[in-house]
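The values are calculated or read from the model by the stated rules, or taken from the named source; none is laboratory data. Note that the structure is predicted; figures quoted are calculated from it, not measured. Note that we place each Cβ from the backbone using ideal geometry, even for glycine, and neighbour counts take in every protein chain shown.
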Amino acid sequence: MKGVATLDFLEFQAQAVEKIKERLQPGWQPASKDDLPFHLSSADWKWLEKNVPLQAPNLVTLSKEQLYALFPPTKYKTRIVRTFIWQCWLRVQMGQINPVRGNLRSFWYKYLEGFCRKYGLLDETTRHRGESIADHLIETMGVEIGNFVDHRIFRYTGELQFVSPLAANWKVGRKRRGWFFFTEKEGLWDQLCLKLWEDEKRSNTVMASNGEPSGLVLEKLAMELWKLGVRKLSIGTFCDFDPWGWCIDATIDSVLRRVGFEVSTWRLVTANRFTDEDALNGRDFSAIVAKFVDKTYKPTSQERLIYNWFLLSQGYKGQPIAMHSDIILEETRDKLIQSFLNALEKGKEPPGMKVDPKDARRLMAPSSLQSKFR
């Protein structure tokens, strides 16, 4: 692009769009071999073209009347927020505003909140589906930033310079970097993850998070592994036997596959790791599953997730009973994880259930899946 200082916003935006389109070319390569592959698919380009007005003027220079005239009334707030995020990414590159250098909520505090107040998008006297308008806008912001990342327009760690949250610990293995053990239980970091990482013969990559890890955390891990020459990942997950644990498994697989790795993922926590006594204290979703007998019933997104999880997992002995991974005996857990690593070492099929790359789409409707791991 021409010198940024000599360009106005519309000129810069047009040139940025052309640079993005270059990544559609089959032979495109990132500037550095250490950088994650960032090719653009035709579907990614179509998403951008459909969802962002790429010829729109700088929104912050418009009057309130001009802003609202630019966007159709249906879901206009979402479209405005999405366009504002896109334009902030451009303005950072132009030197008009500073990078975020904080977490996702920092973007709200530094840039979006003031914009929403100025243009009347933030009505704090009303609520949206039980949420305050501010909470709804913050959730929308997280989803839309994630959409730009998911469609490879920009990265969390790119020009906006988002900083990883503190909700996940991870270390790259010293011996077996491509073996990746993940647990959603942060309490297992010291007693399990660190032991796996400290193993002198087969120190592998480990991560423990408090529930689902953010896309930003996974992106930073992916970038470090890529720079070290890792291209293939064998992942073992230790998550809850419930709809949300299965979403974590499926989405970790999906995210790391999408950024360029060859991925194989096994769910180590399956129904046969539990006992009948465990099941008696589990969470029974039978009442929700029973609703689906009525083909005219319109489930909520959470009910749909629970039902789809039951279809995929078959529950516990045919019943939709969910259980936490914490209740698995330590001896059973440790033996299972060692069996997983032994199988990788010998080139055999690991224990557990292999994650189907289509699981994420099967578990959740596309509109719900957009909010994953933000």
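Of note, V163 satisfies the criterion of being in a loop (DSSP other than H, G, I, E, B), of a type in the set (A, V, I, L, M) and within 20 Å of E212 (Cβ to Cβ).
Inside region 74-104, residues that are surrounded by fewer than 15 Cβ atoms within 10 Å (Cβ to Cβ) and not in a loop (DSSP other than H, G, I, E, B) make up a count of 1.
Against the condition assigned to a helix (DSSP H, G or I), within 27 Å of G215 (Cβ to Cβ), assigned by TED's automatic domain parsing to the domain that holds E139 and of a type in the set (F, W, Y), how does Y68 come out, does it pass? Spelling it out, it is not the case that Y68 is assigned to a helix (DSSP H, G or I), within 27 Å of G215 (Cβ to Cβ), assigned by TED's automatic domain parsing to the domain that holds E139 and of a type in the set (F, W, Y).
Which of the residues spanning region 244-283 are of a type in the set (S, T, Y) and in contact (Cβ under 8 Å) with a residue 60 or more places away in the chain?
Matches in region 244-283: T251, S254, S264, T265, T270.
If you go through region 315-343 and keep only what is surrounded by 13 or more Cβ atoms within 10 Å (Cβ to Cβ), of a type in the set (S, T, N, Q) and more than 17 Å from T275 (Cβ to Cβ), you end up with S339, N342.
Scanning region 298-308 for residues that are in contact with a helix residue (DSSP H, G or I) (Cβ under 7 Å, 6 or more places away or on another chain) and assigned to a loop (DSSP other than H, G, I, E, B) gives a single hit, P299.
There is at least one residue in region 273-289 that is within 21 Å of F340 (Cα to Cα) and part of a helix (DSSP H, G or I). Sub-7 Å Cβ pairs linking a first residue in region 222-239 that is on the phi < 0 side of the Ramachandran plot to a second residue that is acidic (D, E) and buried (at least 21 other Cβ atoms within 10 Å of the Cβ), at least 6 apart or interchain, are I235/D253; T237/D249; C239/E184; C239/D249, ordered by first then second residue.
Residue by residue, here is whether (1) more than 26 Å from R231 (Cβ to Cβ); (2) exposed (fewer than 15 other Cβ atoms within 10 Å of the Cβ); (3) under 22 Å from the mean Cα position of the chain (by Cα) holds:
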{"position": "E18", "(1), (2), (3)": "yes, yes, no"}
{"position": "K21", "(1), (2), (3)": "yes, yes, no"}
{"position": "G27", "(1), (2), (3)": "no, yes, no"}
{"position": "F38", "(1), (2), (3)": "no, no, yes"}
{"position": "S41", "(1), (2), (3)": "no, yes, yes"}
{"position": "W45", "(1), (2), (3)": "no, no, yes"}
{"position": "P57", "(1), (2), (3)": "yes, no, no"}
{"position": "L62", "(1), (2), (3)": "yes, no, no"}
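When G215, G245 are screened for being surrounded by 20 or more Cβ atoms within 10 Å (Cβ to Cβ) and either outside the structural domain of W309 (by TED's automatic domain parsing) or more than 30 Å from K33 (Cβ to Cβ) (or both), only G245 passes. Screening E144 on (1) assigned to a helix (DSSP H, G or I); (2) of a type in the set (D, E); (3) not assigned by TED's automatic domain parsing to the domain that holds K21 shows it passes everything except condition (3). For region 255-265, the count of residues that are of a type in the set (V, I, T), farther than 30 Å from W226 by Cβ, assigned to a helix (DSSP H, G or I) and under 22 Å from the mean Cα position of the chain (by Cα) is zero.
Within region 184-194, one or more residues are buried (at least 21 other Cβ atoms within 10 Å of the Cβ), touching a residue at least 12 places away in the same chain (Cβ under 8 Å) and within 27 Å of F148 (Cβ to Cβ). The residue of region 145-183 that is modelled with the lowest pLDDT, among those that are among the small types (G, A, S) and surrounded by fewer than 19 Cβ atoms within 10 Å (Cβ to Cβ), is A167.
I'd like the full set of residues that are basic (K, R) and part of a helix (DSSP H, G or I), limited to region 309-345. Passing the criteria: R333, K335.
Within region 344-356, residues that are assigned by TED's automatic domain parsing to the domain that holds V255 sit with their Cβ atoms under 7 Å from residues that are among the basic types (K, R) and part of a loop (DSSP other than H, G, I, E, B), at 6+ positions apart or across chains, in these pairs: E345/R202.
Filtering L233, L188 for residues that are at pLDDT 95 or above and touching a strand residue (DSSP E or B) at 6+ places or on another chain (Cβ under 6 Å) leaves a single hit, L233.
With the requirement that a residue be among the aliphatic types (A, V, I, L, M) and surrounded by fewer than 23 Cβ atoms within 10 Å (Cβ to Cβ), what does region 260-278 give you?
Residues satisfying the conditions are V263, A271.
Against the condition modelled with pLDDT under 95, over 22 Å from L329 (Cα atoms), among the basic types (K, R) and part of a loop (DSSP other than H, G, I, E, B), how does K295 come out, does it pass? Answer is yes for this residue.
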